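The next block holds one structure in the form of structure tokens; read it before the comments.
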Amino acid sequence: MPPLTSTSALTAETRHAVSIVLNGTPRTGHAHPRLLLSDFLRHELGAHGTRVGCEHGVCGACTVRIEGVAQRACLTLAVQADGRRIDTVEGLAQANGGRMTALQEAFRRHHALQCGFCTAGILMSLTDYLDRNPKPTEEELRDMLSGHLCRCTGYAGIVRAVMEVTGQTMKEVAHV
Amino acid sequence: MKPASFDYLRPATVADALAALAAGGDDARVIAGGQSLMPMLNMRLVQPRLLIDLGRLEELRTLRVEDGWLSVGAAVTQAEVLARRTLAQEVPLLAAALPWVGHFQTRNRGTLCGSVAHADPSAETPLCLVATGGEVVLRNLRRRRTVAAADFFLGPLTTVKAADEIVECIRFPLARPGSGHAFREQSMRHGDFAIAACAATVDGERASLAVGGVADRPTTRSWPLVAGGLPPDLDDALNAFAWDLGGDDDQHATARYRRDLVRRIGRTVLEEALSCRR
Amino acid sequence: MTATQTATQTIETKASPAPFVGRAMPRVEDAALLTGVARYADDLPVKPGTLHAAILRSPHAHADLLGIDTAAALAVPGVAAVVTGADAQRHASAFLVGVRAPMEHWCLAIDRVRHVGEPVAVVLADSRYLAEDALDRIEVRYRPLPPVTSIALALEEGSEPLHPAVGSNLVNSRRFRYGDPEAAFARAARTVSVEVEYPRNSCTPMECFVVLADYDAAEDSYEVLSNFSGPFAVHPVMARALKVPGSRLRLKTPPHSGGSFGNKQAVFPYVVLMGLCARVAGRPVKWVEDRLEHLMAATSATARRMRIDAAVEPDGRVLALRMEQTEDCGAYLRAPEPASLYRNHGNLTGAYDIPNLAVSNRIVVTNKTPTGLNRGFGGGQLYYGLERLMNRVAAELGLDPLDVIRRNLVAADAMPYRTASGGTLDSGDYRATLEQAVREGALDTLKARRDALRAEGRLYGIGYAAVVEPSISNMGYITTVLTAEERHKAGPKNGAQATASVAVDPTGGVSVTVASAPQGQGHRTVLAQVVADVFGLRFEDIRVNTDLDTGKDAWSIASGNYSSRFAGAVAGAAQVAATRLRGRMAALVAGPLNCRVEDVRFAGGKVFSDANPDNSLSFSRVAAAGHWAPGTLPDGQEAALRETAFWTPEPLKAPTDADHINSSACYGFIFDFCGVEIDRTTGALRIDRYVTMHDAGRLLNPLLVEGQILGGFAHAVGTALYEEYAYGDDGRFLSGTFADYLVPTACEVPVPVILHRESPSPVTPLGAKGVGEGNCMSTPVCLANAVADALSGIAVDEVPSLPITPAKLAALIHPPEPPRPASAAGSGETSPPAAVKGGRGLTGEGSREVPATPEQVWAILLDPKELAALLPGCEALDLVGPNAYRAEVVVGIGPVRGRYTAEVALSDLDPPNALTLTGSGSSALGTGRGTGHVRLERTAGGTRVTYRYSAEVGGKVAAVGGRMLDSASRLLIGQFFEKLVARAGGPAARPETPSLLARLLRLLGLNR
């Protein structure tokens, strides 16, 4: 993280320049101090792959990586992201030569998404999480996924997909 | 669900932050991780005129052991503390409780000091701080003061922190050799706020139980060990404690259920703490 | 145990031959969704000058709306307009209501609000942020009315009528009688009864409602884009409310939608509201519902109270049922309600052969969010009663519950089976299906496990449920709520018309368009499978477009995404259209191929004669001919390479005069069983094993079928164990965030064993039936039956109401609570106010001794200056009448503060002994009301001040802060009395013993 060298004071009524590195590309937009990062990404920079599901930090749909760390874009102000590297779902395939990553492909194979609204956030959490814990147990994985709400899949396809990508298999039957 | 308007200050130094806070008074709020404050801003439950961001202040990123305490600075995240390799030896109760704080994604951003300043009666970090006999270091422009965790919390979202103060750091006493610790909580779903959270410590000749989620603040009680074991009248003692906590009904659980949990999980964690003394 | 075949061995499509139907094809939708390029409604471009809407909503459950002052809001920079009920009255009309009762529902409240969250005004501004700024400036005057917060209260004589013109909150009653139930009950060995209540909940799609609306004044027409999901029977309702013919309400749907599960039907009042706003503002308008709005006021499943009696023989055979259903539809009967109550009318007897049936259906209105479509729609409610009843039959007769189910199932040779109430169960062998599930799901092993765990003293139970899953609703079933006479007047309603268009372009590309408004289920994939098979093309040769434009596409009232109609009806219609088009292409080439039309074959991208496969034309060549050379066709032959099919299931007729109704075209069968364990310490329930067996007819894509079952199951787990839209007794809403409305996460949803059997439906073109809703019908009651079994092990003969929470279970399994010990605080001198729940909101009491005479304390309370000092956060207090004040207070806890204008009054004055203090106020945070009774008693040392209070907090702060509401209220009330004691010269409250002790111990180094 770049260290801070000077105090910056941003007035409420003014739109201030906010520069980020979005999926490897420097981008600049403008934001009032109160503008949420989720709105900044979607409506100022046009990167609407990041979805908004609750705006109070529970559903996880808006999860992005800030300096590599998975966080809620709805609980972040755009001005707080100034100078930061931000990765969103659009960057996954971009960074993989334009092809979907193994994780994305596994999601497709295992029907890990239906409406797809929660999917971007889950993928961004997973990419951070698997960097730190490349072979989680199913319990660990489900614990991490509990920071996301999915209403379509019952999570089974998601768990199957991740277990496969990490060279494992999901317990097909609960607890027996 | 969008925040009301505010000025935003990203100070370069803690001194700058404190000066701004002193000037802003009740109209100013500090933000570090923002995992409690941001939802309240988005819902407009909180409408500061000035938001002071402590998140990038290196001075507040301290996480170290000094003089028998683990000191956690205001900008240190839950994930960073959880990743500390020596945490289970230093503050085993915190190591046991932190995985229960929110979720992976919110722990990546949320701070321990922020949780303490927020003072949710169900939150795990304030509970651990009270249970271990920790301290809160408050700082304003003129002075620094240290408040025992037991005296810090006054009620829901209410603490002794003055409007011009920040929680600069919190300090957990290092676990003493021969002490035992255990933590359990019951919540509706994984990661939810606790219906009741119980943290037990057996240390020297006493056993203590701290409870979160029942009273309007984390609350602790202790008993002398009897012949190296838990007191024979522990059930009565836990019952008295459960009633004294005075929990409420809400849409998910009754006050009676909360008392049940204090009596039952309370005993379980005390027994676990006794048996895992090192 | 053997797990079932999973559908996850998906098939790589490239170059794989037809048929595709029946195969686990991965979805064509996924690439866009996984890479973030998919376009949902909020991602679509808006027109320049578009205004953003924010909605002011009622903080009250029930109140007269006395006046709205919008001047301050209009003065906020960036605000273009504020729209109120007066505008609605000018440009719109009330919505049509489905029963004959004088109830008016408008898109904005007119003179009364009837539920928390009801729209009262709309601010239109340059951004959503600015619009929300202005919301806080609108001043609304309300006069609260007594809230009606339960079915029981709604049925009470003298409950405040929500709709005064109706005169009662019971807005519709109908009785039905099929067979001879009286005789059966008289003849039966005994009667077994259950009474159950089903709570309010909702499937809460991850994407909230979105509406983009524009009004064309020159043509008096509206153009709206919304993630509306149908049924399009609601389109005429919207058009009528906007006072235009349907052709002047052009409604479009976006390419992707973030889930619905029925819920997005309920965006329709907002389509009208935003149309109105666009008209008033003269500019396009965009509204994106936020989560707080959605949870508070979007829609809900109905709550239902149900009593069922069964006339039973000693062997468990059920001869007759008597059902009394009372349905809570919320504040308004919003289209298509009261459909929830009638959707299952043809299958009220479930999977059972029960020829005699008496039904009493009642519909009440309450001060809660209006209800609407929600996965399982009425089925969860019905089967919760019916399958608990079957379980009770077994318990009371001492039979195995599975045997009772077996004994009553409809026999295979009775298919198609006509139910007592007129449904036609179309296919299936229920008994064989059950036995297959018992075998493949290894019920024996599960029973052995239960026995072993019980022997260890653990609480373990097994539950069962058998249901029929209706799909493809008969558009006429809703009219069963009317009498035969009323139906005659209105004209017959029936059918379930599905539409699909298939077109072949000059390059041989095939396009399919449907009006199915998919919400994530993968319609495009399945339609490509179906149509590729018809034309003998590759899967990837078929392009499917599911965006809908009512101005250009083929649609009808039954269009949309609901009642599990896609696989049976829409995919079937696509097959019909494609087959017709193929027939036309065959006619084009029969001549050139020198064969009869019926001998033309389509396979492998080629078209050829069955007799001479080597002499083939490419499909694209034939397509080109249709476009480039229509003049070469034989006389009378149409070249048009586009076909639109309208298909309706033949068996769907209007209700008969005897009220028989085949309410759905198809009926799948589900048999579930499960094992659950209840933790003796915490009461927490764990689903140990869940087996769900489905016969949904022919499976078009097993991968997607499995996804539907897993998703429905997850919703059902939420319904059974976690989710409820909770309200306080005063009507305040308590589930306003995803931290309060508990959607199950990956840690709460186990993976069920899924089993299949395929009995093709004779009704639908492809033999498919619906499959997405079944577990929302079967699973909650299956889990409840398992809980009943677990509790029966400790002689508890009761199942908690849904959701079955640990607290409810603990109350049943834990012995009576040990009493409060005499030594515990609370009985002491300086008790903190103890909360007592019950009645309305929070109540409490406390007492304190102060060293002043009662007269002195009295003087303090009656002195306005003193009173101002006592009131928390009081900035101004003006006398407005005898002992009545208007106060400006800033109240809150911690950083959460609201500025309230409060009315404060002192009454019941009995100087210097007693008085009553009342206060009420509202702010952007919500409303607050409180009453305190204060008694002063002379004592040796001064005065004992005793107080009793009740407080109600409503609106936003209650919806999002319910967990801390009581302790926060108590803190504030405590502050008042603390100050009173301090003013009267008393000591500050003694700090609580524990923390003092803790400090002492710390000082002594004993408790670090």
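The values are calculated or read from the model by the stated rules, or taken from the named source; none is laboratory data. All figures in this text were calculated on a predicted structure; none of them were measured in a lab. Note: ideal-geometry Cβ built from the backbone for every residue, glycine included; neighbour counts use all protein chains shown. For accessibility, only protein heavy atoms count, side chains too; no ligands or nucleic acids. Shrake-Rupley method; radii C 1.70, N 1.55, O 1.52, S 1.80 Å.
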Leaving out ligands, DNA and RNA but keeping every protein chain, what accessible area does C:Leu66 have, in Å² rounded to the nearest 10, with a 1.4 Å probe?
80
Provide Rg and Dmax in Å for the range C:502-580, with only Cα atoms included in the calculation.
12.0, 37
Indicate the gyration tensor shape class of the range A:98-165 (rounded, prolate or oblate), computed on the Cα atoms with a ≥ b ≥ c the square roots of the eigenvalues: a/c under 1.5 is rounded; otherwise a/b larger than b/c is prolate and the rest oblate.
rounded
Going by average Cβ neighbours within 10 Å, how do the peptides B:256-269, C:660-673, C:131-144 rank, with the highest at the top?
C:660-673, B:256-269, C:131-144
Determine the dipole magnitude for the protein assembly as shown: charges of +1 sit on the beta-carbon of Lys and Arg, -1 on that of Asp and Glu, nothing else is charged, the reference point is the Cα centre, and the result goes in debye to the nearest 20.
1200
Count the net charge of all other residues whose Cβ sits under 15 Å from the Cβ of C:Ala121, scoring Lys and Arg as +1 and Asp and Glu as -1.
-4
For the protein assembly as shown, with the dipole built from +1 on Lys and Arg beta-carbon atoms and -1 on Asp and Glu ones, taken about the Cα centre, which of C:Ser920, C:Asn227, C:Pro613 lies farthest toward the positive end?
C:Pro613
Please work out the Cα convex hull volume for the range C:834-994 and give it in Å³ per residue.
120
Computed on Cα atoms, the radius of gyration and Dmax of the range B:1-129 in angstrom are 15.2, 46
Approximate shape of the range B:181-275 as ellipsoid semi-axes (Cα gyration tensor, √5λ), whole Å, largest first
23, 14, 10
Selection from B:Cys113, B:Gln89, B:Thr125 lying farthest towards where the dipole of the range B:58-173 points positive, charges on Cβ:
B:Cys113
Over the alpha-carbon set of the range A:17-92, divide Rg by the Kirkwood Rh and report the Rg/Rh ratio to two decimals.
0.91
Which of these, B:Ala119, B:Ala227, B:Ala182, has the largest mean-square fluctuation under a Gaussian network model of chain B (Cα springs below 10 Å)?
B:Ala227
For chain A, what is the charge dipole size about the Cα centre, in debye to the nearest 20, if Lys and Arg each add +1 at the Cβ and Asp and Glu each add -1 at the Cβ?
240
With just the Cα atoms of the range C:123-262, tell me how far they stretch along each of the three principal axes, in Å, largest first.
70, 40, 33
Of C:Gln325, C:Pro314, C:Pro336, which is farthest towards the positive pole of the range C:289-346's charge dipole, taken about the Cα centre with +1 and -1 on the beta-carbons of Lys, Arg and Asp, Glu respectively?
C:Pro314
Charges at C-beta only: +1 for Lys and Arg, -1 for Asp and Glu. How large is the resulting dipole of chain C about its Cα centre, in Debye rounded to 20?
500
Taking a ≥ b ≥ c as the square roots of the eigenvalues of the Cα gyration tensor of the range B:58-173, is the shape rounded (a/c under 1.5), prolate (a/b larger than b/c) or oblate?
rounded
Per residue, the convex hull volume that the Cα atoms of the range C:345-493 enclose (Å³)
177
Per-residue average of other protein chain Cβ atoms inside 10 Å, peptide C:960-972 -> 6
Shape parameters for chain C, alpha-carbon atoms, Rg then Dmax in Å
32.1, 119
Directionally averaged shadow of the range C:699-759, computed from the convex hull of its alpha-carbon atoms, nm²
6.1
What do you get for Rg/Rh of the range C:684-822 when both radii come from the Cα atoms and Rh is the Kirkwood radius?
1.09
So for the pair C:Asn615, B:Leu225, with labels modelled 7 Å out along Cα→Cβ, what separation do we get in nm?
10.1
Net charge over other residues, Cβ less than 15 angstrom from the Cβ of C:Gly78 (K, R count +1; D, E count -1)
+2
Cβ-Cβ cut-off under 14 Å around A:Thr88, Lys and Arg +1, Asp and Glu -1: the net charge is 0
When Cβ neighbours within 10 Å are restricted to other protein chains, what is their mean count per residue of peptide A:71-84?
5
Heavy atoms of the protein only, probe of 1.4 Å, neighbouring chains included. What is the accessible area of B:Lys2 in Å², nearest 10?
20
Please compute one quarter of the surface area of the Cα convex hull for the range B:1-77 and express it in square nanometres.
5.6
Using alpha-carbon positions, the gyration tensor of the protein assembly as shown gives root eigenvalues a ≥ b ≥ c; with a/c under 1.5 called rounded, otherwise prolate if a/b exceeds b/c, else oblate, the class is prolate
Karplus 3J(HN,Hα) series, Hz, for the range B:59-72 with 6.51 cos²θ - 1.76 cosθ + 1.60 (x for Gly, Pro)
4, 9, 9, 7, 9, 7, 9, 8, 6, x, 10, 9, 9, 10
Phi to ³J(HN,Hα) by Karplus 6.51 cos²θ - 1.76 cosθ + 1.60 over the range C:206-220, Hz, x for Gly, Pro:
5, 8, 7, 5, 9, 9, 10, 10, 9, 10, 9, 5, 5, 10, 6
Under 5 Å, built H, 5+ apart or other chain: amide partners of B:Thr62:
B:Gly73, B:Ala74, B:Ala75
Starting at the first residue of the range B:113-130, write each ³J(HN,Hα) from the Karplus equation 6.51 cos²θ - 1.76 cosθ + 1.60 with θ = phi - 60°, in whole Hz, x for Gly and Pro.
5, x, 5, 5, 5, 6, 6, 6, x, 9, 6, 6, 5, x, 4, 5, 5, 5
Heavy-atom accessible surface of chain C: percent carbon and sulfur, 1.4 Å
51
